[in-house]
Structure formats: C-alpha cells, structure tokens
Amino acid sequence: MREGRILVGPLSEAFPWTRAEVSFAKTILTPGFVLTGPTVGFLADRYGVRRIAISSLATLSLGMFAMTQVGPTVLSFYLFLLALARCGTRPLFWGRAVATWSIDFIRRTSRPHF
C-alpha cells in the first residue's frame, strides 16, 4: 500500500490479495448463513424477533467497525465475514418479522362479525 494516498477500488487493489481470494469470501458466507440460520431462528422463536433484530443490528455495526481493522492476511478477512454471517440481519429473518407483526396487527384490529 502506498502511504498518503487513499486507494479506491476492489479489495484486491487495496490489499495484497488476489481476486480469487477476495471472491472466495462469498463462498465462505453461504455456508455461514446456512449453518447459523437455525440458531438465529431458534433464538427468534424463544426471545422474539424484535430483541434479536436489535441485538443483531448492534452486532452488525460492531462487525462493520471490526472490518476496518482487517490486517494484511486474507484469513482475518474471512474470519470477520464469518462473524458477520451470524447476525440476524438476513432478508429471511426480516421477512419473518414483517409477517409476525402483520399477523399481530390483523388480530388486534379485526373485529368479530356477528
């Protein structure tokens, strides 16, 4: 890396990694989502979607901050990505949250028709 200059562009230009190593990160994320999905789902069932969502967003922001501290090794990049994969911030989780809140809203606002 050059001192005194901000590098804009792909990670392979900013770090001494090849494009293949950077692309391998997507391969790591997919199994991370698959393996942690049941755990996040169990926690959402047990403690509620709102609690898990708030804590997941806090974890995601901390993880994004931690990504700024990635060292020159590609292994640290992979480990930070796996940590972010554990967050309950995936679309499937939010879809469940919207569906649950919609059902609760309908139950509270609908009146029996006698």
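Look at the stretch 52-68: where a residue is within 15 Å of Leu79 (Cα to Cα) and a partner is polar (S, T, N, Q), sitting 6+ places away or on another chain with Cβ atoms under 7 Å, you get Leu60/Thr89.
Arg86 passes every criterion in (1) among the charged types (D, E, K, R); (2) at pLDDT 80 or above; (3) buried (at least 17 other Cβ atoms within 10 Å of the Cβ) apart from (2). If you filter the stretch 40-83 down to residues that are more than 11 Å from the chain's Cα centre (by Cα) and hydroxyl-bearing (Ser, Thr, Tyr), you find that the one that is surrounded by the most Cβ atoms within 10 Å (Cβ to Cβ) is Tyr78.
The values are calculated or read from the model by the stated rules, or taken from the named source; none is laboratory data. Everything numeric here is computed off the predicted structure, so don't read it as measured data. Heads up, the Cβs are rebuilt from the backbone with ideal geometry, glycines too, and the neighbour counts pull from every protein chain shown.
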